[in-house]
Amino acid sequence: MADPAAGAVVGVDVGGTFTDLVALDPASGRVRLAKVPSTPDNQAFGVMNALAAAGCDLAALDLIVHGTTTTTNAVLERKLARTGLITTAGFRDILELGRRTRPQPYGMTGTFRPLIPRNLRLEVSERMDASGAVVTPLDEDAVHAAAKRLLAAGCESLVIHFLHAYANPAHELRAAEILRPIWPNDHITLGHALLSESREFERGVTAAVNAAVQPLLDRYIRRLAEELERGGHRGELLIMNGNGGMVSAARVAREAAKTVMSGPASGVMAAAFTGRRSGLENLITYDMGGTSTDVALIRGAEPSVSSEIEIEYAMPIHVPMVDVRTIGAGGGSIARVSPAGLLEVGPDSAGADPGPICYGRGGTAPTISDANLILGRLDPAGFAAGAAQVSADHVRKVFEQVLGAPLGLDATQAAAAVIRVANLKMAGAIRMVSISLGADPRDFALFAFGGAGPLHAAALARELGIPRVLVPARPGITNAIGCVVADLRHDFVQTLNTPLDRLDPALLTEVFAAQSAEGARLIGKERVGLRALRHIHSLDMQFVGQTHLLRVPLPGPEIGRDAIQALFEEVYFRRFRVTLPDIRAHVVNASSSVIGLRDALDFSALIDPAGRKATLAEAQIGMRPVHFAGTWHDSPVYWRDHLPLEARLSGPAVVRQMDTTVLIEPDDRARGDAQGNLIIEIGAAT
């Protein structure tokens, strides 16, 4: 392992609206923060702007960890590299046939467009059976001819995806060997190399996603690295993966699909870090930014990681990712009245430019942030992104004209309705990561972050019966903090596909040992200080005849069949509350995660201790009416940086800070803890 880094460490996260940065100097304990508008056309400019805004000396930075939305946005917006597929004869349509589900559960509506169009999916003669035996030899001339056709069609990236390659990858490896001399770049993805899993559709889609975003991520990382080098940076650049770990920028594009959802994953890692230090290890994370809301579940300070994420219809990406659910409800989500006369909020957003009306950047569409302004929850003068201050009266007029008139409401009622609709959407997402997975929200605390999360958290907690809300010291830059505290991580999966009563425990131990060794080898290449390596082993299991998998964590790599059976039954019961003792268990995949644990960092200076006041009265900066549940309440406004460390506040109250606004509702109570967090007890006064 490398020697521990001595210089400053930077975490930077690019969101749909803002680019957030935190810089920590471990020697002095000094923390610097920045929040600047994102630059969608080239995210590298936003990163450089954030570094400049924080006053970072690039030559003095040992480590920059970056969470990016490049790949996520590319997939969701279908702004992808032109990609070709070479596959087994008779299987060119597997990516389009999928599981034959419907885009909408009711009615024959909706459309699906595969990542790779049919004319760029070519077949060659070859075939393996499920045991890995060769049925039809590889036609090498056909492979060569198919690649030539794809190049002539303008393909920049290539997928080689052969039937049952997880059992025997010889044909995929040979095809790659043939094509590398003629393919003009390194953007060749082998299905088995990225995901050694038996399901052809999921493995093929994962490989297609990887290939389609690989050139985009590669170009972006190269541009960013060049900009950093031009500015004097000579340290390490690491990129967040969707599994909550990070990898070297030099290698990240090889497995580009693993960076999908890396931005939301970093926030979950920060939540686990913060909750562990605060003694609240069971959390539902709630990240509401300017464009979307992300929610996830943390048990025992361990985020839920899944290999079964489907980021949109028929788009499964089966690489380990933090299980984050996303909905289109952010501060910039646009409210409208539908042709049916119903109020709708999102999923489209005003984004960073022009943004909500209250940003003062030319926005004209009513948004959630504008609704919070009308209700007195936000201060018109508090928008750092604003080019000019916009009056609350102007925003009210827009709400009256666009929403109030069609709905028969005044501006205040329309704003309250927008908040209510948005809260219901976000509560539904929280139910998806808790109740639908067998978890009771009442057993968790709600970890509220993002620029808009602390404004809505108390109302959501009350809706869901969650007893308390944890608001970290810097909610608006939590994702950037997650980049800094994340560990190095590599995940591996190998299909076994055998009934448990036929599983050879020695073979299982051998698979885990090989995965652990490869993970340790990859982590050993990074120039990052580590204190230890951690190995996590698990099995993907199901009852014989079932389709869906359950992840079964194992206590170690050496374990017998009886112990595996007991663990599987425990996981199954926790999820479904039933036992099926007469049905045989089946082991599908063996998985390992190798985690390089980094030295702990001290973020006690996220809020400068020198700025804190001795009393609440000294921290109060004003008083204003705030709308709650149909009634206006005169509410004190506090500046977060001035609050005493272990302050006690009674609702209603507003707590402002550089990166967000915290809303404490009537009948709620809030207290500060030794880590600088605010803990809101819901309904504590009743």
Sort out for me the Cα centre separation of the stretch 1-70 from the stretch 485-527, rounded to whole Å. 32 Å
Rounded to one decimal in Å, the inverse mean reciprocal Cα-Cα distance for the stretch 433-586, i.e. its Kirkwood radius, is 19.0 Å
The stretch 60-217: translational diffusion in µm²/s, Stokes-Einstein, Kirkwood Rh over Cα pairs, 20 °C, 1.002 mPa s: 130 µm²/s
When only DSSP loop residues count, what trypsin sites (Lys or Arg not before Pro) in the stretch 185-284 have their Cβ near at most 14 other Cβ atoms within 10 Å? 234, 251
Mean separation of Cα contacts under 8 Å (at least 6 apart) over the residue count of the chain, i.e. the relative contact order in percent, is 13 percent
Roughly how compact is the chain, stated as its Cα Rg over 2.2 N^0.38 Å to two decimals? 0.98
Alpha carbon convex hull of the stretch 618-686, projected area averaged over orientations, nm²: 4.6 nm²
Could you tell me the accessible area of residue 148 in Å² (1.4 Å probe, neighbours in place), rounded to the nearest ten? 100 Å²
Rolling a 1.4 Å sphere over the protein heavy atoms, what is the accessible area per residue of the stretch 342-458, to the nearest Å²? 37 Å²
Most to least packed among 487-500, 428-441 [average Cβ atoms within 10 Å]: 487-500, 428-441
The stretch 542-604: relative contact order in percent, alpha carbon pairs under 8 Å with at least 6 residues between: 40 percent
In this model, which of 79/425; 79/397; 79/148; 425/613 are farther than 31 Å apart at the alpha-carbon? 79/397; 425/613
Grab every C-alpha pair in the stretch 243-346, bin the distances at 10 angstrom width from 0 up to the longest one, and report whole percents. 14, 36, 31, 14, 4, 0
Dipole in debye (nearest 20) - the chain, about Cα centre, beta carbon charges: Lys, Arg +1; Asp, Glu -1: 700 debye
Between residue 134 and residue 53, what length in nm is gained on full extension when 0.36 nm per residue of separation is reduced by their alpha carbon distance? 23.2 nm
Accessible area per residue, 1.4 Å probe, Å², for the stretch 144-248: what's the number? 33 Å²
How much length, in nm to one decimal, is gained on full extension between residue 535 and residue 149, taken as 0.36 nm per residue of separation minus their Cα-Cα distance? 134.5 nm
How high is the relative contact order of the stretch 243-334, in percent, counting Cα pairs under 8 Å that sit 6 or more residues apart? 28 percent
Using a 1.4 angstrom probe on heavy atoms only, work out the carbon and sulfur share of the accessible area of the chain in %. 51 percent
Rounded to the nearest 20 debye, what is the charge dipole size of the stretch 14-130 about its Cα centre when +1 sits on each Lys and Arg Cβ and -1 on each Asp and Glu Cβ? 580 debye
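The values are calculated or read from the model by the stated rules, or taken from the named source; none is laboratory data. Please read these numbers as outputs of a predicted model, since none were measured by experiment. All Cβ positions, even for glycine, are placed from backbone atoms using ideal geometry, and neighbour counts span all protein chains on display. Areas reflect the complete protein model, heavy atoms only, side chains present, ligands, DNA and RNA absent. Shrake-Rupley method; radii C 1.70, N 1.55, O 1.52, S 1.80 Å.
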